[in-house]
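The values are calculated or read from the model by the stated rules, or taken from the named source; none is laboratory data. Owing to the predicted nature of the structure, the values given are computational and were not obtained by experimental measurement. Note that we place each Cβ from the backbone using ideal geometry, even for glycine, and neighbour counts take in every protein chain shown. Note: accessible area is taken over every heavy atom of the protein model, side chains too, but ligands, DNA and RNA are not part of it. Shrake-Rupley method; radii C 1.70, N 1.55, O 1.52, S 1.80 Å.
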Amino acid sequence: MPSRRRPADPPEAQPAGAQPAEIGYLALIRGNRNVRRLWGGTLVSLFGDWFNTLALYRLALELTGSELALGGVLLTKLLPLALAAPVAAALVDRLDRKHVMIGADLLRAVIVLGFLFVREPGDLWLLYTLAFCQIAVSAAFGPAKSAALPNITARGELLTANALLSASWSVMLALGAAAGGPAVDLFGTDAVFIFDAVTYLVSAAFIAGMTIPQERAEASGGSVLAQAWRQSADGIRYLRENARVLRPALAKATWTLGGGGLMLCLALIGDRLFPSAGTTGIGLLFAARGLGTGIGPILARALFRDTRRWFAVLGACIAISGAGYLAVGSLSWEPGTSALLLLATVVFAHAASGANWVLSTTILQMRTEDRFRGRVFTADWLILALVESASTLAASVALEMGVPLRTAVLAFASIQVAAGLTWLLVMVPAERDGSG
């Protein structure tokens, strides 16, 4: 039997300011079997997911040729996170987190095979429905993984584990997008959907070998949905009553005020950058995004050891990411040397967003009690999904109404810069004062 690892010590038990000495990446993977298996399953399923995402983008564009239809695909990958969040909160804190993740993988394997039946414009409703269901199930998997990580890491491992998983998400985005675009063009969307289903089964096999110690929430009376909404309300109440937890829970959503619209624009830029390359152009820009979000967490872990600086770093990262996209909106979108500069700028912008993600996630894990952690991370996803949905919808409608793509990029980048500066002016002083 693998040894049971205690959760990372709460911040109150740690010396103020500095983090404990963090274990290295290789030492973590070699020494912590649970993290190793969670990491392995994550790598495989994420690789398939990015193939899946590009296939859905291609299907929507081929069936309709509409920016609004593509925005609909993005929305059906966001709104389910909000609608399924209350049920996910109850599942993650009341049930065995390992079983929640395995069940989610198996369900998603079945769901993605349904995309094989999307054949013509009249089937667009089926594409949206299946994408909705896929992400609704993911609404349980993501918080379960985030909530379980402190349970399977020892003191000095949590930040490294978060950086590893965040960088892995980014690497798989880079590799999956770079390989997925040509795969869609060469083998078709059907082959990609079958491949994605297989990756979910492999992920479930990895997670089945984990042992996750967990403090579960008490079950209460009533139906599952009633309990879910009640426990979700408990999680929201916990955030409202604990400003030290609420503040980091808003970091990702603050970035996505502009980021949701920018991700739609990025896909459309990719489709225009290499018009003769099919899905490959979108894949290249999303690969650059993945490379950036992989570099960011690694740099954040190496450069920012003092937790007292993290809130200022979060706001700076949001503003820097927006500045990167202001540059994207000002550059030429033509093949050749200008395309290389565009790709490098996307890497830069998302290195900042990746650092924001991993630092805010680590703060949230450290500050939240274990019995509330699943609900808090579900609330974190809920806030993120609602804000990103609104941003994506606004961009979709604007583009469909005839707003030029370059104008949309500059507008949403400006929103992101303003959001970062607002964070620095409001959140950093509140954190310094220790309110809440």
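Each Lys and Arg adds +1 at its Cβ and each Asp and Glu adds -1 at its Cβ; summed about the Cα centre, segment 315-430 shows a dipole of about 220 debye. Separation of segment 49-64 and segment 383-436, taken as the distance between their Cα centroids, equals 26 angstrom. Full extension of the chain between Ala208 and Arg272 gives 18.8 nm of extra length, using 0.36 nm per residue less the Cα-Cα distance.
May I ask for the percentage of alpha-carbon pairs in segment 261-327 that lie more than 18 Å from each other? Taking all Cα-Cα pairs of segment 261-327, the fraction more than 18 Å apart is 49 percent. To put it simply, the accessible area of the chain at a 1.4 Å probe is 67 percent carbon and sulfur.
With protein chains left intact and a 1.4 Å probe, residues in segment 68-148 average 34 Å² of accessible area per residue. Among Asp370, Asp190, Asp105, the residue with the largest mean-square fluctuation in a Gaussian network model of the chain, with springs joining Cα atoms closer than 10 Å, is Asp190. Over segment 286-403, accessible surface divided per residue gives 35 Å², non-protein components excluded, 1.4 Å probe. Calculated mean residue ellipticity, 222 nm, the chain: -27000 deg cm²/dmol, from DSSP H runs (n ≥ 4) at -39500 (n - 2.57) each, averaged per residue and rounded to 500. When all C-alpha to C-alpha distances in segment 263-407 are sorted into bins of 5 Å, what percent of pairs does each bin hold, rounded to whole numbers? All Cα pairs considered, the percentages come to 2, 9, 15, 18, 19, 15, 10, 7, 4, 1, 0. Here the Karplus relation 6.51 cos²θ - 1.76 cosθ + 1.60, evaluated at θ = phi - 60°, turns the backbone of segment 161-169 into coupling constants of 5, 5, 5, 4, 5, 5, 5, 5, 4 Hz, with x for every Gly and Pro. If you take every residue apart from Leu74 with its C-beta less than 15 Å away from the C-beta of Leu74, what net charge results, scoring Lys and Arg +1 and Asp and Glu -1? After counting each charged neighbour, the total is -2. When peptides 374-380, 28-34, 413-419 are ranked by their average number of other Cβ atoms within 10 Å per residue, the highest-first order is 374-380, 413-419, 28-34. Extension gain for Val397 to Ala27 (0.36 nm times residue separation, less C-alpha to C-alpha distance): 128.3 nm.
The relative contact order of the chain comes to 27 percent, based on Cα pairs under 8 Å that sit 6 or more residues apart. Using the Cα centre of segment 102-168 as origin and beta-carbon charges of +1 (Lys, Arg) and -1 (Asp, Glu), tell me which of Leu126, Ala136, Leu113 is placed farthest towards the positive end of the dipole. Toward the positive end, the furthest listed residue is Ala136.
Distances between placed amide hydrogens fall under 5 Å for Arg155 paired with Asp9, all partners being 5 or more residues away or on another chain. Put one equal scatterer on each alpha carbon of the chain, apply the Debye formula with no solvent term, and list log10 I(q)/I(0) at q = 0.08, 0.12, 0.13 1/Å to two decimals. So the normalised log intensities are -0.41, -0.99, -1.18. Placing +1 on the Cβ of every Lys and Arg and -1 on the Cβ of every Asp and Glu, with no other charges, gives the chain a dipole of roughly 1260 debye about its Cα centre. Taking the chain as a Gaussian network of alpha-carbon nodes connected by springs under 10 Å, the highest mean-square fluctuation of the residues Thr362, Thr129, Thr254 belongs to Thr129. Packing-based ranking of 107-118, 50-61, 145-156 yields 50-61, 145-156, 107-118, ordered from highest to lowest mean Cβ neighbour count within 10 Å.
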